[in-house]
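Okay, so here's the structure we're looking at.
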Amino acid sequence: MSKLIEPIGYQTLLDRNQTEQGIKKIKDFFQQNLSTELRLHRVTAPLFVMKGLGINDDLNGVERPVSFPIKDLGDAKAEVVHSLAKWKRLTLAEYDVKPGYGIYTDMNAIRADEELDNLHSLYVDQWDWEAVITREDRNLAFLEDVVRRIYAAILRTEYLTCETYPILKPFLPKEIHFVHSEDLLRMYPDLSPKEREDAICKKYGAVFVEGIGGKLSNGKKHDGRAPDYDDWSTVAENGKKGLNGDILIWYPVLGRSFELSSMGIRVDKESLLRQLEIEEKQDREKLYFHKQLLEDKLPLSIGGGIGQSRLCMVMLHKAHIGEIQASIWPEDMRMECARLGMPLI
């Protein structure tokens, strides 16, 4: 309850039926636009993977995956995915996808260690996407071009939603601003990473914060990243580290920054070894996924995840993600949200 944001004067602009219809329209429209922008085709994804293969996403490295024994496999354990960051790259190789093309899928996950609030739920749904790139594409300019194309799909979705429901008014800026996490630290040295994101998003409306995962000049990370999918330790052409980042917007309904996507150019063999050493995770080199990468059996790629419920929440001007998706919430949060005019599904 302490993390629940209570928006002043909040009133939902769409009833339950309009909201459900809007969710479907947004999801159908956005995924088609994303597919067209990035030349992706849809694939079917797993809900769980085998434990011990290094395929599951480790997120910040501290979250515990939900696991269970499989009777017909001698009680070998499977894990519900956190995301499909590594699985997608294996799939690109399996499908022999060529450079310039990729895949996307509906990812559903359970994150039992999530701290529940307006934006965070036990249930995570996102579009996970991954595309094959060339060695020449592994640069910041290419990354930023992909970000602009994703943001263009978001803007078109906002236009469609506001045309469908005229009571909703567009608020996203026409352009997305790029800033490196190190520059953000220099701009706001006395603020925490979250406060820096709030400040820069309030200023520009939509921002891509680059270089997330490595330590900054103050010896601290802007935010955590697993060492074995995004490349956050490569020195790019601008002298800064990292070929990854987050798409953030300023969300007026809650008066704060709002993350819609985490993405980046993925590790190659050299950056994988470097990041495993930095994080003292060299033992992962023996895992299935990592061995495939180190033996040059996986393509170079770029990829990320885009929150489905989060995008719908923003497009429909909702104050709590529980107004978009069905999940489990503390009873006192349900009661307080109902009192504030944001009843949870």
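Would it be correct to say that Gly304 is closer than 24 Å to Ile103 by Cα and in contact (Cβ under 8 Å) with a residue 12 or more places away in the chain? Yes; evaluated as a whole, the condition is true for this residue. Number of residues in the range 37-56 that are without any contact (Cβ under 8 Å) to a residue 60 or more places away in the chain and surrounded by fewer than 18 Cβ atoms within 10 Å (Cβ to Cβ) equals 3. Evaluated against (1) under 22 Å from Tyr123 (Cα atoms); (2) assigned to a loop (DSSP other than H, G, I, E, B), Ile8 falls short on exactly one condition, (1). Listed by position, the helices (runs of 4 or more DSSP H) contained in the range 275-345 that have at least 1 residues being acidic (Asp, Glu) are 331-339.
Candidates in the range 293-316 are the residues that are over 21 Å from Leu84 (Cα atoms) and in contact with a strand residue (DSSP E or B) (Cβ under 9 Å, 6 or more places away or on another chain); of these, the one that is surrounded by the fewest Cβ atoms within 10 Å (Cβ to Cβ) is Val314.
Taking the range 154-199 as the range and being in contact with a Ser or Thr (Cβ under 8 Å, 6 or more places away or on another chain), part of a helix (DSSP H, G or I) and either of a type in the set (A, V, I, L, M) or in contact (Cβ under 8 Å) with a residue 60 or more places away in the chain (or both) as the test, the residues that pass are Leu185, Lys194, Glu197. All conditions but one from (1) more than 21 Å from the chain's Cα centre (by Cα); (2) modelled with pLDDT under 95; (3) not in a loop (DSSP other than H, G, I, E, B) apply to Glu79; the one that does not is (1).
Would you check which residues across the range 70-103 are within 19 Å of Ile133 (Cβ to Cβ) and in contact with an Asp or Glu (Cβ under 7 Å, 6 or more places away or on another chain) and list them? Leu84, Ala85, Lys86, Lys88, Arg89, Leu92, Gly102, Ile103 - these are the residues of the range 70-103 that are within 19 Å of Ile133 (Cβ to Cβ) and in contact with an Asp or Glu (Cβ under 7 Å, 6 or more places away or on another chain).
For the range 57-66, a residue qualifies if it is surrounded by fewer than 14 Cβ atoms within 10 Å (Cβ to Cβ) and touching a strand residue (DSSP E or B) at 6+ places or on another chain (Cβ under 9 Å), but none of them does.
Taken over the range 221-252, residues that are assigned to a loop (DSSP other than H, G, I, E, B) and either buried (at least 20 other Cβ atoms within 10 Å of the Cβ) or without any contact (Cβ under 8 Å) to a residue 24 or more places away in the chain (or both) amount to 13. Within the range 68-121, take every residue that is among the acidic types (Asp, Glu) and over 30 Å from Trp250 (Cβ atoms) and give me the one that is surrounded by the most Cβ atoms within 10 Å (Cβ to Cβ). Among residues in the range 68-121 that are among the acidic types (Asp, Glu) and over 30 Å from Trp250 (Cβ atoms), the one surrounded by the most Cβ atoms within 10 Å (Cβ to Cβ) is Glu79.
The values are calculated or read from the model by the stated rules, or taken from the named source; none is laboratory data. The structure displayed is predicted, hence computed values, not measured ones. All Cβ positions, even for glycine, are placed from backbone atoms using ideal geometry, and neighbour counts span all protein chains on display.
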